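Following: one structure in structure tokens, then a few remarks.
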Amino acid sequence: MIKKYSIKELLNKGKSFINQKVLVEGWIRSFRYSIFITLNDGSTIQNLQIILSKKLDKIIMKKITIGSSIKVIGIVKESIGIKQYIELQSLDITIYESVDPKILQKSILQPKKHSLEKLREQAHLRFRTNIFSCIMRIRHHIAFCIHKYFHEHGFFYLHTPIITTLNCEGTGKMFQITTMDLKNLKNKSIDYTKDFFKCKTYLSVSGQLEAETASLGLGKVYTFGPVFRAENSNTSRHLSEFWMIEPEMAFYHLEENINLAENFLKFIIRYIIDNSMEDLIFLNQCLEKWAIKKKNYLLKKLELVLKFSFKKISYTEAIKILDQEEKKKNIKFLHPIIWGMDLQSEHEQYLVDKYFKIPVIIFDYPCGIKAFYMRINNDGKTVRAMDVLFPEIGEIIGGSQREERYDILLQRMKDTNTDKNKLWWYLDTRRFGSVPHSGFGLGFDRLVQFITGMNNIRDVIPFPRTPNNAEF
């Protein structure tokens with residue numbers, strides 16, 4: 001029986017396959033001079049050249065079109081061309097499905113330049129394009145190495161619920177879930193005890209609170225799953241459905257949380273450089289070709305994250321720097337610099353891109369702009385929060401040391417109008433051997449966006465969900 005190989009396997013071990021008979025399958029990228037087929041199967045950005053037999057049946061020849069799916073049995077030979085080391089001399093070819101050239105002309109598979117916006121319109125086909133297949137392979141490797149990192153560091157993977165009764169952040173809109181016909185109940189009071197879950201429920205914005213309870217028994221846990229936010233935001237950095245990684249660690253103080261976050265991010269980027277260089281180089285070439293970025297920009301940006309320790313400053317220091325920069329350099333931020341304000345994207349990016357020029361971790365934020373579960377500092381004004389800011393992207397991680405003291409947590413819930421009756425179980429954990437503990441949330445899609453250099457987050461997720469867009 002003839003063994004089947006992926007194109008990546010053949011190209012990686014080219015010498016060992018010379019003069020062997022093999023089977024490959026894939027989709028035709030190009031067909032030249034009625035003899036050369038360029039084949040790709042998605043396993044790599046590289047293509048395999050197929051040399052057709054001159055005796056090939058003319059009926060089969062007519063069915064060979066760009067986009068068609070085929071199976072080829074052939075002999076691996078050294079290539080005399082300069083673009084490839086090996087090629088496959090075809091002995092037998094089977095066409096699974098031929099593509100009508102007229103249909104191809106209307107699709108993004110037509111071999112010409114298409115905008116990323118155009119690719120999104122045919123999201124079901126963009127996996128077959130070079131740029132999107134690169135991004136998806138990198139996305140896979142990032143996800144894989146996240147699980148690898150936590151497994152090697154003694155964390156347990158936890159599946160937290162997608163359906164919830166509460167918003168753990170206390171702000172922002174949520175998608176409601178119901179089996180009731182709310183349209184017909186518009187002018188009546190809604191009795192949610194008649195709904196499926198006997199109460200009002202939503203799609204979750206975070207698995208943090210549930211993960212916290214698990215960490216107080218398992219030590220170190222993490223979640224990695226989809227979360228949902230219903231803000232009507234159409235920016236290049238926001239999605240309505242996205243993926244989050246949320247580790248929670250018992251017996252961790254803020255400093256240990258900060259160190260873990262930096263170590264974690266550097267591990268991921270090192271892993272991608274080591275395992276996805278082929279795809280990174282291709283994306284870098286695209287950015288250069290589009291005149292968006294300078295030569296080797298993407299690789300230099302990733303190496304920068306690895307080269308230096310992240311700059312760590314308090315929120316108060318950050319405000320002082322921004323205020324001084326505004327006065328000294330006559331910069332006018334859209335949002336005035338006042339202690340107690342929530343730092344905006346323009347402030348975060350100024351600190352990272354212009355002032356420090358390396359990733360920045362800001363800690364000890366005012367309690368008034370942070371969630372109820374963050375531990376209050378001794379000054380009574382700030383909480384043990386931290387945000388990791390990356391070049392161009394801004395905030396990529398948000399976390400804190402959690403408030404482990406029952407009475408103070410209860411008071412914070414009252415102060416922020418958080419319903420303690422819905423969160424009785426969360427509050428209750430502080431009565432059973434409570435300990436210092438910490439955690440953070442990493443926006444997975446935003447990390448993929450940073451690593452791939454894409455300007456729009458919609459280009460790093462298979463089927464983006466945004467306001468007015470739930471197609472595919």
Counting just the residues of region 97-120 that are touching a residue at least 60 places away in the same chain (Cβ under 8 Å) and not hydrophobic (A, V, I, L, M, F, W, C), which one comes out farthest from residue 24 (Cα to Cα)? 120
Could we say that residue 368 is among the small types (Gly, Ala, Ser), farther than 30 Å from residue 11 by Cα and assigned to a helix (DSSP H, G or I) here? yes
Please give the number of the condition residue 17 fails out of (1) surrounded by 16 or more Cβ atoms within 10 Å (Cβ to Cβ); (2) at pLDDT 95 or above; (3) not β-branched (Val, Ile, Thr). (2)
Output the number of the condition that residue 71 fails; it satisfies all remaining conditions of (1) open to solvent by 40 Å² or more (accessible area, probe 1.4 Å); (2) at pLDDT below 95. (2)
Looking at the structure I just gave you, is residue 145 in contact with a Ser or Thr (Cβ under 9 Å, 6 or more places away or on another chain), open to solvent by less than 40 Å² (accessible area, probe 1.4 Å) and modelled with pLDDT of 95 or more? no
Read through the list (1) open to solvent by less than 10 Å² (accessible area, probe 1.4 Å); (2) closer than 20 Å to residue 237 by Cα, then give the number of the only condition that residue 348 fails. (1)
So, in region 432-462, of the ones that are open to solvent by 30 Å² or more (accessible area, probe 1.4 Å) and either part of a helix (DSSP H, G or I) or touching a strand residue (DSSP E or B) at 6+ places or on another chain (Cβ under 8 Å) (or both), which residue ends up nearest to residue 273 (Cα to Cα)? 446
Can you tell me which of (1) more than 23 Å from residue 363 (Cα to Cα); (2) over 15 Å from the mean Cα position of the chain (by Cα) is the one residue 228 doesn't meet? (2)
Out of (1) open to solvent by 60 Å² or more (accessible area, probe 1.4 Å); (2) at pLDDT 95 or above, the one residue 132 does not meet is (1)
Take the conditions hydrophobic (A, V, I, L, M, F, W, C), over 30 Å from the mean Cα position of the chain (by Cα), over 28 Å from residue 412 (Cβ atoms) and open to solvent by 20 Å² or more (accessible area, probe 1.4 Å) and apply them to residue 338. Does it pass? no
Near pairs, Cβ below 8 angstrom, 6+ apart or cross-chain, from region 58-84 (on the phi > 0 side of the Ramachandran plot) to any residue that is open to solvent by 40 Å² or more (accessible area, probe 1.4 Å) and of a type in the set (Lys, Arg): 67/128
The condition of being in a loop (DSSP other than H, G, I, E, B) and under 32 Å from the mean Cα position of the chain (by Cα) holds, among 418, 429, only for 418
Within region 142-156, is there a residue that is closer than 30 Å to residue 342 by Cα, part of a loop (DSSP other than H, G, I, E, B) and not polar (S, T, N, Q)? no
Inspect all residues belonging to region 88-106 and state whether any of them is at pLDDT 95 or above, within 24 Å of residue 462 (Cβ to Cβ), among the hydroxyl-bearing types (Ser, Thr, Tyr) and open to solvent by less than 40 Å² (accessible area, probe 1.4 Å). no
Among the residues listed as 323, 274, 279, the single one being touching a residue at least 24 places away in the same chain (Cβ under 8 Å) and over 30 Å from residue 174 (Cβ atoms): 279
Any idea how many residues of region 110-119 are touching a helix residue (DSSP H, G or I) at 6+ places or on another chain (Cβ under 6 Å) and either buried (at least 16 other Cβ atoms within 10 Å of the Cβ) or among the hydroxyl-bearing types (Ser, Thr, Tyr) (or both)? 2
How about region 305-329: which of its residues are under 30 Å from residue 339 (Cβ atoms), assigned to a helix (DSSP H, G or I) and open to solvent by less than 80 Å² (accessible area, probe 1.4 Å)? 305, 315, 316, 318, 319, 321, 322, 323, 325, 326
Any residue at all in region 197-210 that's of a type outside the set (Val, Ile, Thr) and without any contact (Cβ under 8 Å) to a residue 24 or more places away in the chain? yes
Filtering region 241-274 down to residues that are in contact with a strand residue (DSSP E or B) (Cβ under 8 Å, 6 or more places away or on another chain), open to solvent by less than 10 Å² (accessible area, probe 1.4 Å) and assigned to a helix (DSSP H, G or I), which residue is farthest from residue 151 (Cα to Cα)? 254
State the number of residues belonging to region 32-50 that are surrounded by fewer than 18 Cβ atoms within 10 Å (Cβ to Cβ) and farther than 28 Å from residue 275 by Cβ. 5
Over region 194-239, the set of residues in contact with a Leu (Cβ under 9 Å, 6 or more places away or on another chain), farther than 25 Å from residue 142 by Cβ and open to solvent by less than 20 Å² (accessible area, probe 1.4 Å) is 209
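The values are calculated or read from the model by the stated rules, or taken from the named source; none is laboratory data. The structure presented is a predicted model; accordingly, all values stated were derived computationally and were not measured. Every residue, glycine as well, gets a Cβ built from its backbone with ideal geometry; the counts of neighbours run over all protein chains shown. Ligands, DNA and RNA are stripped out before the accessible areas are found, and what is left, the full protein with its side chains, is counted by its heavy atoms. Shrake-Rupley method; radii C 1.70, N 1.55, O 1.52, S 1.80 Å.
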